[in-house]
Each structure stands twice: as C-alpha cells, then as structure tokens.
Amino acid sequence: MLSSKELKKSGGQALVEAALIAPLIIFFLFTVVWFARVMLTWQQITGAARYGTDLIAYTSYSKKFIEKDIRHYLCHGNNIGRTLDSDPKILRIKVEARDAKKSDFSLGIKNIADFNPLNIVQNIKNLSPIGPDKSYVEIEYDYKIPKIMRITGNEYLTIRAKSEVLSGDASAGYKKRRGT
C-alpha cells in the first residue's frame, strides 16, 4: 500500500504531467477540427464545379450566368452547409463553355459513293472531348489559416477544384448559348 505521503506526491506529479500535455492535446484537437472544415469546403467547391459542368452540358446558359449561379450556390445565406465568402479576390470561378463540334455520320443516296470508313474514324477523333477544346469549370477559394497554425507563414490556403464536361452528342452545348 502507498502511504499518504507517497499518494500526495504521485497526485502532484499527475497534475504537472496533465498541465504539460493539455496544450498539445488541445492543439491536436483544434488541428483535426480545422482540417475537417477545410475538407468540407473542398467537397463543397468540388460539388459546385460539378454543378457548373452540368449547367454547361445540359443548358444553353451563358458563361456569365453559370458563374453567377455557382457563386450564388456557394455564397447565399440559405444554402445547406458552409456559406463561403463571395469576394472575387477570395472565391475565383472560371467557366469555359466551348461548344463541341457536331459531325454527320448518316449515309444517304447522295454520299454513299464517297463513303470511306477512315473518314468516320477521323471525325470521331475530331469530336473527342479530351484536349484543349474541352469545357470546364475551375474554382479556387482562399481559406484563411488560423494564426496558431501559420507555420509556413502563409495567411491563406488555396483550395482548388476543377470539373470537365465529358458529355458529347446529348449535350445542349450544340445550341447557341443565351446571353441571360
């Protein structure tokens, strides 16, 4: 059994150890919560970028309207989730809505004599959504780093998300975009 003198000594030692470890535990807990908020913000802007590419692929809205709608989606007070800062210096949205080329693969009496399967292969290569002519939405958001975590000296952490349109023949992008 421990004597009362030894019991008091070990109680004081535990208190000192707790006082030394408590700031580290609080710092790690704070770091986990902050990192979770960063990941949720990244998930939110990724969803907004995908929403923007859906607007490009399935509507005939202008680039300006799509950008405005994405900003509203992220920054309006009634949205579900975190409301982001709408300042254009902090939330940057780039929309590239390039309408895909349309090709005619039909055979008829007029063009049957000139039919060449290699022409179809060449037309398919021209229609490929992969390359510089692809439509996309790119969003960047500067997330403010708390003072206690500014080890690198940066005030902001830039979170980026990009989504590209991979649809082709079924998209409304063949229509002329409206200026709404």
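The values are calculated or read from the model by the stated rules, or taken from the named source; none is laboratory data. Just so we're clear, the structure is a prediction, and the values are computed from it rather than from any experiment. Note: ideal-geometry Cβ built from the backbone for every residue, glycine included; neighbour counts use all protein chains shown. Side chains are part of the model used for accessible areas, which takes the heavy atoms of the whole protein and leaves out ligands, DNA and RNA. Shrake-Rupley method; radii C 1.70, N 1.55, O 1.52, S 1.80 Å.
Table for the structure above
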item	result
Conditions (1) of a type in the set (Gly, Ala, Ser); (2) surrounded by fewer than 16 Cβ atoms within 10 Å (Cβ to Cβ); (3) touching a residue at least 40 places away in the same chain (Cβ under 8 Å): number failed by Ala49	(2)
Qualifying residue in the range 15-33 (condition: farther than 25 Å from Met149 by Cα and modelled with pLDDT under 90)	yes
Residue, modelled with the lowest pLDDT, within the range 147-167, restricted to residues that are open to solvent by 30 Å² or more (accessible area, probe 1.4 Å) and assigned to a loop (DSSP other than H, G, I, E, B)	Ser167
Cβ pairs under 8 Å, 6+ apart, first in the range 15-37 and within 18 Å of Ile159 (Cβ to Cβ), second open to solvent by less than 90 Å² (accessible area, probe 1.4 Å) and not charged (D, E, K, R)	Thr31/Met149; Trp34/Pro146; Trp34/Met149
Options Ile90, Ile25; residue that is hydrophobic (A, V, I, L, M, F, W, C) and open to solvent by 90 Å² or more (accessible area, probe 1.4 Å)	Ile25
Residues that are part of a helix (DSSP H, G or I) and of a type in the set (Val, Ile, Thr), drawn from the range 66-84	Ile66, Ile70
Flag if Tyr51 is at pLDDT below 90 and at negative phi	no
